[in-house]
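The values are calculated or read from the model by the stated rules, or taken from the named source; none is laboratory data. Being a predicted model, the structure only gives us computed values, none of them experimental. With ideal geometry, Cβ positions are generated from the backbone for all residues, glycine too; neighbour counts draw on all protein chains shown. SASA here: full protein model, heavy atoms, side chains in, ligands and nucleic acids out. Shrake-Rupley method; radii C 1.70, N 1.55, O 1.52, S 1.80 Å.
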Amino acid sequence: MSEIVYLRMKRNVEMIGLQAVQLRHIALISTPSQFKRELEKTTLYRISKEDRNIVIIDSFLVIDHLNSLYPGIEFQLIGPSQTIIRITKRKKAPSILIVSFVWLLLFIGTAMTIMNFHYDVSMQEVQQKLHYLLTGEQEEYPLWIQIPYSFGLGIGMLLFFNHWFKKRFNEEPSPLEVEIFNYQQDLDQYVSYYENKLNDNKPIH
């Protein structure tokens, strides 16, 4: 009776530079076999410059390669059927000047957006009328409404995005994180289909 090795392909892997892709990089292995460490170090692919920044490793090719190397072992796949390898360059520390410029640009853009929104909906007139309804007096700058409103706007944004720098308020994802996740899922599906060499990507005429 042949030994059984269970493979679970990883969905996404990030690798730096041109290097050999081993089984341990793209899959999780479960087996009591004594060959486990040897399997983990099995080279499946070597990244080259022609690959640019994305490589798709299909489980069919992985199992086919492993079967040729280990004919006495039965490989069973669970989970995803392929792995997306994103090739990145070595990350450098971000420049303080660039970070400051981007932060300032976002700060000014956000401030202009909020100001233009308040101008479009006549927020100052609304607050003046609210002050008049509550007090019976006309006031051009009802600060007792405007100041708490300003603080509430900032606190509301923090609660909406569920972040204070790197700290989360709770485990629930923010709407922005959900949208980014959905976008990443769609992007992965597109890349998985068009970058997989086993798929016939030629259009039908």
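Roughly speaking, what is the stretch gain from residue 15 to residue 115, that is 0.36 nm per residue apart minus the C-alpha to C-alpha distance, in nm to one decimal? Walk me through the numbers on the way to the answer.
Details: separation 100, 0.36 × 100 = 36.00 nm, distance 4.34 nm.
Difference between extended and current length: 31.7 nm.
Assuming R0 = 30 Å, what is the FRET efficiency of residue 103 and residue 129, from their Cβ-Cβ distance, to the nearest 0.05?
Efficiency, from the Cβ-Cβ distance: 0.25.
Only sites in a loop by DSSP and with at most 11 other Cβ atoms within 10 Å count here; which trypsin sites (Lys or Arg not before Pro) in region 160-189 make the cut?
Here the trypsin sites (Lys or Arg not before Pro) that fit, given the DSSP loop and packing criteria, are 166.
So with the 1.4 Å probe, I'd like the accessible area per residue for the chain, rounded to whole Å².
Ligands and nucleic acids excluded, the result is 78 Å² per residue.
Please list the non-local residues whose amide H lies under 5 Å from the amide H of residue 4, H modeled 1.01 Å from N, same-chain partners needing a gap of 5 or more.
Placed amide hydrogens put 74 under 5 Å from residue 4.
Rank 122, 33, 103 by how far each Cα sits towards the positive end of the charge dipole of the chain (+1 on Lys, Arg Cβ; -1 on Asp, Glu Cβ) and give me just the farthest.
33
Show that you can apply the helix-only estimate: for the chain, add -39,500 (n - 2.57) for every DSSP H stretch of four or more residues, divide by all residues, and state [θ] at 222 nm to the nearest 500.
Computed mean residue ellipticity for the chain: -15000 deg cm²/dmol.
Placing +1 on the Cβ of each Lys and Arg and -1 on the Cβ of each Asp and Glu in the chain, which of 132, 147, 13 has its Cα farthest towards the positive end of the resulting dipole?
Of the listed residues, the answer is 13.
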